[in-house]
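Worksheet: the structure to be examined is printed underneath.
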2 protein chains.
Amino acid sequence: MGIAERREKEKIELRALVLSAAKKLFVTKGIEHTTIRNIAEAIDYSVGTVYVYFKDKNAIFHALHSQGFNELGQQLALLMAVENPMERVKALGRVYINFAKANADMYSLMFSQPAPIDYLEEEHADEWKEGVLAFNVLKGTLAQCIEQGYFKGHTLEPLTYMFWSAVHGMCALYISERAKGVNLTDPNTIVERGYEEFLKIIGE
Amino acid sequence: MGIAERREKEKIELRALVLSAAKKLFVTKGIEHTTIRNIAEAIDYSVGTVYVYFKDKNAIFHALHSQGFNELGQQLALLMAVENPMERVKALGRVYINFAKANADMYSLMFSQPAPIDYLEEEHADEWKEGVLAFNVLKGTLAQCIEQGYFKGHTLEPLTYMFWSAVHGMCALYISERAKGVNLTDPNTIVERGYEEFLKIIGE
DNA sequence: AAATTTAATGAACAAGGTTCAGAGGGCAAA
DNA sequence: TTTGCCCTCTGAACCTTGTTCATTAAATTT
């Protein structure tokens, strides 16, 4: 059955091709300004072909969305090698920030409102696997910190949420350019400097 | 000159009518899924009329955007009455969170990526007045806290950015429903509980 | 009453998402 | 080899949306 296999492989490859072209376009022109025709042209296939591999534009978006979370998740997972949990939380934040800044468009794609929600609502509601995974890595690490006597008097879940929010908030404001609008002395490093402040505060 | 005045008043009123219809639609159906025709129908005017009052859809968006920031700004400004700066920062966060939760759609409209940027880039770049104002209220208050001996060893600007980010991040994640996806025990109160954790941490 | 200014209209256009009947090429059975 | 089936790929065609503009109609001024 070599032929069927080859065909299957070709299908997977073409699907991946669509995805990579879409990613490049989404990232450079923005999702709204990327047309299916653009994507088709970029890979030298017709419009219809794109629809053979994806139900609609939203499905393309969602595929990339997952991809982004997987990449981020992998990077965060690597830090499980750091023994000291307090060091690990700190590192988690840094890696997260680096990811967000290095993949700014991917990041805003991952967290931008409209599209993913549409998709999530349909039926894939509570199965946002990648996100849950990343959240639990952080939660687990903070749990260990608490065990070791850090964060006395704190409650795990809200603490985790707050930590994630602080880091996410800094990245989001940076990426949405709101930081620039506000006339900072050095907008480019504000996330890192903000994070340092955060670490100072949680380090007692 | 009573006639000219009346006309002027009518123009302003119709403009406001467009705006309020647009707001309602943006908020219920989302910006992308609201069409100019929808707005026109809602107010029983023709499509063309909408364009008499607004250059394009983006201009409508921007007007609402400003409106949102003005409302938020006003609520925050009220807190200047609180003497103690440390109490004031805490209150600023609470009011901000209440605003975000009570006006969830308006908030996501205010901070959602695409549209405002388009507009900002054109020429209104560094004149994002409302945002700067709100940021400076927070910054000023934190400056007073530092004067009074709080936040030793911290730098004002990154500290302000971090504070804003933490609160914004919690609101943003809550509103984008990312909080739900992550299986929290009580998603509805997570922002408030997260904020309490934050206050605990900054209160040493 | 006529002329002028102004606001409102909606048909028309361009561009984008999506569909679907059909072309074309490989593959297996005859 | 030839025939017919099965898939993939195609792109014209449809519908919706943002946007424009010549035209209509009403109000105001002369």
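Could you give the size of the charge dipole of chain A about its Cα centre, using +1 on the Cβ of each K and R and -1 on the Cβ of each D and E, expressed in debye and rounded to the nearest 20?
400 debye
Label-point separation (nm) for B:ASN136 and A:LEU14, each offset 7 Å from Cα along Cα-to-Cβ?
5.9 nm
For the pairs A:LYS9/A:LYS129; A:LYS90/B:LYS129; A:LYS139/B:LYS101; A:LYS129/B:LYS200; A:LYS24/A:LYS55; A:LYS57/B:LYS101, flag any whose C-alpha to C-alpha distance is greater than 23 Å.
Distance filter (> 23 Å) returns A:LYS9/A:LYS129; A:LYS90/B:LYS129; A:LYS139/B:LYS101; A:LYS129/B:LYS200; A:LYS57/B:LYS101.
Averaged per residue, what accessible area in Å² does the protein assembly as shown show with a 1.4 Å probe, protein chains only?
On the way: 20050 Å² over 408 residues.
With the other protein chains kept in place, the protein assembly as shown gives 49 Å² per residue.
Inside 10 Å of the C-beta atoms of A:183-191, what's the mean count of C-beta atoms belonging to other chains?
The shielding value for this peptide is 3.
Using the Karplus curve 6.51 cos²θ - 1.76 cosθ + 1.60 with θ = phi - 60°, work out ³J(HN,Hα) for each residue of region B:69-83 in order, rounded to whole Hz, and write x for Gly and Pro.
In residue order, the calculated couplings are 5, 5, 4, 4, x, 4, 4, 5, 4, 4, 6, 4, 5, 6, 5 Hz.
Scan chain B for the residue whose Cβ is closest to the axis carrying it onto chain A, then write down that distance in whole angstrom.
Whole-Å result, nearest residue of chain B to the axis: B:GLY169, 1.
At 0.36 nm per residue, and after removing the present C-alpha to C-alpha distance, how many nm does the segment from A:THR35 to A:ASN70 gain when stretched out fully?
10.1 nm is the gain from fully extending A:THR35 to A:ASN70.
Could you tell me which of rounded, prolate or oblate describes the protein assembly as shown, using a ≥ b ≥ c as the square roots of the eigenvalues of the alpha-carbon gyration tensor, with rounded for a/c under 1.5 and, failing that, prolate when a/b is larger than b/c and oblate otherwise?
Because a/c hits 1.5 or more and a/b fails to exceed b/c, the protein assembly as shown counts as oblate.
Enter the mean number of other protein chain beta carbons within 10 Å of the beta carbon of each residue in A:134-145, as an integer.
1
Give me the accessible area buried between chains B and A, both sides summed, with a 1.4 Å probe, in Å² rounded to the nearest 100.
Values: alone 12280 and 12310 Å², together 20050 Å².
That pair hides around 4500 Å² of surface in total.
In chain B, carbon and sulfur make up what percent of the accessible area (probe 1.4 Å)?
54 percent
How much length would be gained if the chain were fully extended between A:GLN148 and A:LYS24, taking 0.36 nm per residue of separation minus their Cα-Cα distance, in nm to one decimal? Write down the numbers at each step before the final one.
Numbers: separation 124, 0.36 × 124 = 44.64 nm, distance 4.44 nm.
Between A:GLN148 and A:LYS24, full extension yields 40.2 nm more.
How much solvent-accessible surface does B:LYS129 expose, in Å² to the nearest 10, with a 1.4 Å probe and all protein chains in place?
130 Å²
Rg and Dmax in Å for region B:1-110, alpha carbons only: what are they?
Rg and Dmax of region B:1-110, Cα atoms, are 17.6, 53 Å.
What percentage of all Cα-Cα pairs in region B:1-54 are separated by more than 17 Å? Intermediate results must be reported in sequence, preceding the final value.
Numbers: 534 of 1431 pairs.
Tail fraction, whole percent: 37.
Mind putting a number on the dipole of the protein assembly as shown about its Cα centre? Charges go on the C-beta only, +1 for Lys and Arg and -1 for Asp and Glu, and I need it in Debye to the nearest 20.
I would put it at about 160 debye.
How well do other chains shield peptide B:171-181, expressed as the mean number of their Cβ atoms within 10 Å of each residue Cβ?
Values: counts 2, 8, 8, 2, 1, 7, 7, 11, 4, 4, 12.
If you average over the peptide's residues, the count of other-chain Cβ atoms is 6.
How about region B:148-163: which of its residues lose at least 50 Å² of accessible area in the presence of all protein chains relative to their chain isolated, using a 1.4 Å probe?
Hits at the 50 Å² cut-off: B:HIS154, B:GLU157, B:PRO158, B:TYR161, B:MET162.
Computed from the mean reciprocal separation of all distinct C-alpha pairs, what Kirkwood hydrodynamic radius does chain B have, in Å?
Kirkwood hydrodynamic radius for chain B: 19.1 Å.
So how strong a dipole does region A:1-54 carry about its Cα centre when Lys and Arg Cβ are +1 and Asp and Glu Cβ are -1, to the nearest 20 debye?
80 debye
Translational diffusion coefficient of region A:28-77 at 37 °C, 0.692 mPa s, Stokes-Einstein with Kirkwood Rh over Cα pairs, in µm²/s as a whole number.
271 µm²/s
Take each of the peptides B:88-95, B:179-186, A:73-80, average the number of other beta-carbon atoms within 10 Å over its residues, and list them starting from the highest.
Descending packing order for the listed peptides: B:88-95, B:179-186, A:73-80.
The values are calculated or read from the model by the stated rules, or taken from the named source; none is laboratory data. Every value quoted in this text rests on a predicted model; they were computed, and no experiment measured them. Positions of Cβ are generated from backbone atoms using ideal geometry, with glycine treated the same way; all protein chains shown enter the neighbour counts. Just so you know, the surface numbers come from the protein's heavy atoms only, side chains and all, with ligands and any DNA or RNA stripped out. Shrake-Rupley method; radii C 1.70, N 1.55, O 1.52, S 1.80 Å.
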